[in-house]
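Trainee: Dumping the structure here so I can ask a few things about it.
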Amino acid sequence: MEAWITVTLEDGTVRRERWRLITSLLDHQRYPACELVDLYHERWQAETVYFSIKASLLDGHVLRSHSIDGIDQEVWALPTTYQALIRAAADAVADQPRLDMDRLSFTVLLQTAADTVTRASGIAPSGPTDLVGAIGRAALAALWPARRRRRTKARSKKNATSKYQPNYGKHPQQAQHYTIHAEIQIMDDGIAARPRH
């Protein structure tokens with residue numbers, strides 16, 4: 001399928017791009033084209049993991065170790081901690097099948113875990129084991145809205161020799177919400193040639 005995507009930022013800036021999606025999900029009733037296009041941004045979930053590690057777990061700091069073994073330990077500890085928090089989130093939503101895990105705040109998971117360890121309370125429950133636990137309960141108590149507003153992340157040039165120098169100034173300098181409109185064309189007869197730029 002092919003889609004023309006028009007993105008309108010809250011400052012009035014309009015960008016229009018053509019996307020192509022080749023998929024093996026051919027049942028148009030089970031997988032409507034508009035939903036597949038709408039889910040496109042979720043393919044960047046791996047980038048969200050890196051951002052959560054850099055911005056939340058490291059809180060903008062660099063690794064502290066001054067030895068190879070220490071750096072190795074820190075590098076492995078970051079994804080391990082991230083995975084443990086995501087596992088706590090998965091346990092929290094396990095008995096709520098209609099609850100999307102994207103509604104749980106990673107910041108709430110991290111802060112509650114840090115508070116739990118710092119206070120050393122609620123770590124070992126006195127009664128039966130509760131899979132949701134203190135971390136899961138805190139995350140469930142602070143859910144994001146069911147459908148979050150789309151938001152662009154501000155981009156900034158950090159290095160004068162960056163390979164992204166030619167794109168400087170083409171992206172918003174501040175985070176903004178946006179709306180998206182898609183015009184979808186299903187290509188039943190194959191893919192038409194794309195013009196070269």
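Trainee: Please find, among 17, 2, the residue that is in contact with a strand residue (DSSP E or B) (Cβ under 6 Å, 6 or more places away or on another chain) and surrounded by 15 or more Cβ atoms within 10 Å (Cβ to Cβ).
Mentor: Exactly one residue qualifies, and that residue is 2.
Trainee: In the list 55, 94, 89, which residue meets the criterion of being without any contact (Cβ under 8 Å) to a residue 12 or more places away in the chain and within 29 Å of residue 134 (Cα to Cα)?
Mentor: Being without any contact (Cβ under 8 Å) to a residue 12 or more places away in the chain and within 29 Å of residue 134 (Cα to Cα) holds for just one of 55, 94, 89, which is 55.
Trainee: Does segment 129-143 include one or more residues that are in a loop (DSSP other than H, G, I, E, B), at pLDDT 80 or above and either surrounded by 11 or more Cβ atoms within 10 Å (Cβ to Cβ) or aliphatic (A, V, I, L, M) (or both)? Before you say what the answer is, go through the steps one by one.
Mentor: Going through segment 129-143, the residues in a loop (DSSP other than H, G, I, E, B) turn out to be 129-132, 142-143.
After this cut, where a residue has to be at pLDDT 80 or above as well, the list is 142-143.
This time we only want the ones that are either surrounded by 11 or more Cβ atoms within 10 Å (Cβ to Cβ) or aliphatic (A, V, I, L, M) (or both), so: 142-143.
Yes, segment 129-143 contains at least one residue that is in a loop (DSSP other than H, G, I, E, B), at pLDDT 80 or above and either surrounded by 11 or more Cβ atoms within 10 Å (Cβ to Cβ) or aliphatic (A, V, I, L, M) (or both).
Trainee: Any chance segment 36-51 includes a residue that's part of a strand (DSSP E or B), out of contact with any Gly (no Cβ under 8 Å at 6 or more places or on another chain) and not aliphatic (A, V, I, L, M)?
Mentor: No, because not a single residue in segment 36-51 is part of a strand (DSSP E or B), out of contact with any Gly (no Cβ under 8 Å at 6 or more places or on another chain) and not aliphatic (A, V, I, L, M).
Trainee: What single numbered condition from (1) part of a helix (DSSP H, G or I); (2) modelled with pLDDT under 85 fails to hold for residue 78?
Mentor: Only one criterion is unmet by residue 78, namely (2).
Trainee: Output yes when any residue across segment 45-63 is in contact with a strand residue (DSSP E or B) (Cβ under 8 Å, 6 or more places away or on another chain) and not β-branched (Val, Ile, Thr), and no when none is.
Mentor: no
Trainee: Tally the residues that are in a helix (DSSP H, G or I) and touching a helix residue (DSSP H, G or I) at 6+ places or on another chain (Cβ under 9 Å), restricting the search to segment 89-118. Full working, then the answer.
Mentor: So in segment 89-118, the residues in a helix (DSSP H, G or I) come out as 89-93, 101-103, 106-118.
Then keep just the ones that are touching a helix residue (DSSP H, G or I) at 6+ places or on another chain (Cβ under 9 Å); that gives 89-93, 101-103, 106-113, 115-116.
Residues in segment 89-118 being in a helix (DSSP H, G or I) and touching a helix residue (DSSP H, G or I) at 6+ places or on another chain (Cβ under 9 Å): 18 in total.
Trainee: While we're looking at this one, here's another question. Hey, among 72, 95, 102, 91, which residue is among the acidic types (Asp, Glu), modelled with pLDDT of 85 or more and either closer than 17 Å to residue 139 by Cα or surrounded by fewer than 11 Cβ atoms within 10 Å (Cβ to Cβ) (or both)?
Mentor: 91
Trainee: Does segment 10-28 contain at least one residue that is within 17 Å of the chain's Cα centre (by Cα) and either in a helix (DSSP H, G or I) or closer than 24 Å to residue 181 by Cα (or both)?
Mentor: For segment 10-28, residues within 17 Å of the chain's Cα centre (by Cα) and either in a helix (DSSP H, G or I) or closer than 24 Å to residue 181 by Cα (or both): absent.
The values are calculated or read from the model by the stated rules, or taken from the named source; none is laboratory data. Just so it is clear, the model here is predicted, and its values are computed rather than measured. Backbone-built Cβ (ideal geometry, glycine too); neighbour counts: all protein chains shown.
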